[in-house]
1. When you go through Tyr213, Tyr218 one by one, which is the residue that is farther than 26 Å from Gln24 by Cβ and touching a residue at least 60 places away in the same chain (Cβ under 8 Å)?
2. Hey, can you tell me all the residues within region 125-146 that are in contact with a Phe, Trp or Tyr (Cβ under 9 Å, 6 or more places away or on another chain) and buried (at least 18 other Cβ atoms within 10 Å of the Cβ)?
3. Cys125 fails exactly one of the following numbered conditions: (1) out of contact with any Pro (no Cβ under 7 Å at 6 or more places or on another chain); (2) in a strand (DSSP E or B). What is the number of that condition?
4. Given the residues Ser247, Ser174, which is the only one that is touching a strand residue (DSSP E or B) at 6+ places or on another chain (Cβ under 7 Å) and within 24 Å of Ile290 (Cα to Cα)?
5. I want to confirm something. Restricting to region 92-119 and keeping residues that are under 25 Å from Tyr196 (Cα atoms) and buried (at least 16 other Cβ atoms within 10 Å of the Cβ), which single residue is farthest from the chain's Cα centre (by Cα)?
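The values are calculated or read from the model by the stated rules, or taken from the named source; none is laboratory data. All values derive from a computational prediction rather than experimental measurement. Note: ideal-geometry Cβ built from the backbone for every residue, glycine included; neighbour counts use all protein chains shown.
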Amino acid sequence: MNLKLLRLFLLVFFLPLFQSADAQCEYTLEMFDSDGDGWNGASLTISVGTTVYTFSLNGIFDDGIDSTLTFPVNTGQQITMSWAPGFFDDEVSFVIYDYEGNVVYEDAFPNSGPLFSGIAFCPSCLKPANVKIENVYDTYAKLRWSPGNTAPALGWWVIYGPKDFVLSSGVGDSVYVTTPKVTLQGLAKKTFYDFYVLEQCDSTDISIGNGPYTFETYFSNDVGISNVLTPESGCDLGVETVTVVMSNFGSNPQSLIPFRFSVNGVDAGVPQPQDGFYTGVLGKDSSDVIEFETFYDFSEPGEYLIKVYTQMNGDEDFSNDTFYYYIVNRLVTPYAQDFETWSGGWYPDTSGNASSWEFGTPDGLVITEAASGKNAWVTNLDGDYNDAELSYLNSPCFDFSDLTEDPVLEFSINYDTELE
């Protein structure tokens with residue numbers, strides 16, 4: 001006996017006398033496959049009036065795991081659904097929602113043939129469309145949207161509050177506008193907010209809320225180093241230039257920013273303000289590439305930890321001021337690397353085919369953990385290696401010129417490969 005889940009929601013609609021017979025809206029279909037390989041030839045047919053739609057998961061136009069689609073309906077139209085089976089229907093499930101997000105029908109391991117029949121319904125006042133977060137600052141945010149109805153609206157309500165607040169709970173603040181845009185003011189810095197937009201069609205009819213949409217406000221003053229570009233690991237490093245990326249994470253433009261670097265915990269001696277003093281202007285959401293004029297000698301073999309940081313007065317967030325960057329210059333024995341601090345300067349070779357090498361914490365079915373600690377180099381951290389893969393993992397440069405005996409390499413390896 002096949003166990004199956006089947007819930008049928010009868011559509012009982014009370015149509016107001018003023019409801020337009022051809023009011024149009026969209027229903028939503030969510031499709032799932034528990035094995036992630038699509039519906040294996042099965043399909044769901046949905047007829048809306050005289051229009052027929054056929055839906056499936058095939059791994060070509062979707063990922064084979066899930067997909068969400070919409071289809072138009074008019075109030076009063078007959079909706080029917082039927083199932084054409086394929087292989088492995090026990091992996092299949094789907095849910096259909098009406099315009100207001102109510103479940104119309106859901107099924108898992110569906111039976112072949114007719115599944116459902118009902119009447120479509122669209123509310124007389126549709127919610128706004130194309131809601132966009134236009135720009136966010138420290139204490140205010142700009143939003144806009146498109147009217148949801150063809151008839152002119154009286155206005156729109158924007159209800160906003162702390163992230164995850166419930167629209168019907170009475171929590172949150174509201175703003176009423178007569179044009180499809182708003183600037184929310186008086187917001188707290190570096191705070192997540194949710195908001196909904198409702199359309200006021202007439203004095204008695206208002207739409208459901210379109211949302212929630214989420215944004216996070218900025219700090220006013222917040223800069224930091226977001227990357228180090230040079231030097232790169234190599235076999236013959238010498239006196240090199242340190243090149244960095246400075247970013248403005250806050251809402252206010254910034255200038256006259258001190259910044260400096262250290263190597264392996266030793267300050268590099270940047271002579272501010274002649275060097276390490278940014279005199280350009282960083283606007284909101286902008287970055288700039290900067291070279292230190294102070295050079296550093298990386299010629300000695302080994303690993304180097306470069307620490308670059310800003311020192312701006314009034315910075316409201318110190319957590320993003322500093323960037324740490326590792327490089328190696330031709331390694332010598334004795335050498336050990338457990339990959340807990342960083343990738344070790346190892347890297348996937350660009351030759352070969354379909355490389356799946358990744359650095360991080362393994363979470364696959366075969367390789368479930370690192371040999372020691374948390375990190376390792378793995379072909380696909382959370383799955384299988386690729387079909388027809390021929391790939392290589394390169395080590396950093398080693399200098400064995402001072403050895404009197406052949407070097408011995410010792411390492412941990414975990415593998416499970418196909419025979420052919």
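1. Values: Tyr213 fails: farther than 26 Å from Gln24 by Cβ.
Answer to the selection: Tyr218.
2. Leu126, Lys127, Pro128, Val131, Val136, Tyr137, Asp138, Ala141, Leu143, Trp145
3. That leaves (2) as the condition not met.
4. Values: Ser174 fails: within 24 Å of Ile290 (Cα to Cα).
After applying the criteria, what remains is Ser247.
5. Going through region 92-119, the residues under 25 Å from Tyr196 (Cα atoms) turn out to be 95-104.
Next, only the ones that are buried (at least 16 other Cβ atoms within 10 Å of the Cβ) stay: 95-99, 104.
Working: Val95: 24, Ile96: 25, Tyr97: 25, Asp98: 27, Tyr99: 26, Val104: 30 Å.
Among them, the one singled out is Val104.
One line per residue, one yes/no per condition, for (1) loosely packed, with under 14 Cβ neighbours inside 10 Å; (2) touching a residue at least 12 places away in the same chain (Cβ under 8 Å):
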| site | (1), (2) |
| --- | --- |
| Ala370 | no, yes |
| Thr379 | no, yes |
| Asp387 | yes, yes |
| Phe398 | no, yes |
| Glu405 | yes, no |
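Each row is one residue, and each column tells you yes or no for (1) touching a residue at least 24 places away in the same chain (Cβ under 8 Å); (2) closer than 26 Å to Gly234 by Cα; (3) out of contact with any Ser or Thr (no Cβ under 7 Å at 6 or more places or on another chain).
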residue	(1), (2), (3)
Phe318	no, no, yes
Phe323	yes, yes, no
Leu331	yes, yes, yes
Ser355	yes, yes, no
Leu365	no, no, yes
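One line per residue, one yes/no per condition, for (1) in contact with an Asp or Glu (Cβ under 8 Å, 6 or more places away or on another chain); (2) over 30 Å from Phe398 (Cβ atoms):
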position: Gln272; (1), (2): no, yes
position: Gly280; (1), (2): yes, yes
position: Glu303; (1), (2): no, no
position: Thr310; (1), (2): yes, yes
position: Glu316; (1), (2): yes, yes
